Amino acid sequence: MTRWPIWGKRLALGAAGLLLLVGLLPVGDFLIRPLEARFPAIEDTGDRGWGLGQRPHIAVVLGGAVQPVLSNGAEKIAVNGAAERLLATAAMAKREPGLAIIVSGGAGSLWSGDAEAPLIAEWLSMQGVPGNQLILDDKSRNTYENANFSIDILKQSIPSDQRMRLAIITSAAHMPRAIGSFRRAAAAAGLLELDLLAYPVDYRSTPVPLLRIQRVGDGLSNLDAASREWLALLAYFFLDRIDSPLPGPDMHDQPMAPGERPEPPASPAEEDTE
């Protein structure tokens, strides 16, 4: 009768030891690094890292950084580990005066009807971003809808044969799925001349994951993020929402000729004045 309790204790101790080991060692870093390294980072040097003819005509920041349930307006906005999406968007808006920005984020939670986009837009306005530069998508609940609803906004405003560069601001590990979703949505909408510019932020891993001891919480957090993103990529691939299990840079996204800068979509404020 005592054999089962002994085996139960051994199993519990073994599971706890494995959890501790996985948390201490950079297992999560090894899993998340291929995702974060898939698209090169834009360096904070010189002309904001944009190459000749590569400056965006419009940008989109994807939700997932704000917790509307815990927020009390933009003055007391509750953010999570993806908060750099907001900071990068505000910085880009200041460096690129007049740049139209789609703020894409609905109610990602099934038990809350509060959308992220209005809170993000209000916070950006508090940082000095003019409201007439912001275009809100407060309906999208996931990456698939982020892409499709944002492309719908572009399709209503630009000719299908007009070349335009769209900068996508999201976490580095999330970028492959985001780019893959936007490519599929753009192709379905007939926007074959839309070039996607990856603007990854929120890096969680070091450039070269080293065998090092780290805090258990950090290790498990990275493992959780990497596992969820890899599973989401596989799910999107099998659901035919992306073209490959790990989307990467596309040769189609090439620089434009200097001075080629199409008119961006009109913001809601501009549309109201027409």
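The values are calculated or read from the model by the stated rules, or taken from the named source; none is laboratory data. This is a predicted model, so every value here is computed, not measured. Please note: Cβ atoms are built from the backbone with ideal geometry, for glycine as well, and neighbour counts cover all protein chains shown.
Data overview
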| quantity | calculated |
| --- | --- |
| Number of positions in the range 91-103 that are buried (at least 19 other Cβ atoms within 10 Å of the Cβ) and either aromatic (Phe, Trp, Tyr) or in a helix (DSSP H, G or I) (or both) | 2 |
| Residue count, the range 58-81 (criterion: assigned to a loop (DSSP other than H, G, I, E, B) and either modelled with pLDDT of 90 or more or closer than 23 Å to residue 173 by Cα (or both)) | 7 |
| Where a residue in the range 53-69 is more than 19 Å from residue 146 (Cβ to Cβ) and its partner, wherever it lies, is aliphatic (A, V, I, L, M), with Cβ under 7 Å and at least six apart | 53/256; 53/257; 54/197 |
| Which listed residue is of a type outside the set (Gly, Ala, Ser), crowded, with 19+ Cβ neighbours inside 10 Å, within 15 Å of the chain's Cα centre (by Cα) and at pLDDT below 90, from 177, 204 | 204 |
| Pair list, Cβ under 8 Å, 6 or more apart: the range 121-148 residue without any contact (Cβ under 8 Å) to a residue 40 or more places away in the chain, other residue aromatic (Phe, Trp, Tyr) and assigned to a helix (DSSP H, G or I) | 137/149; 139/149; 147/182 |
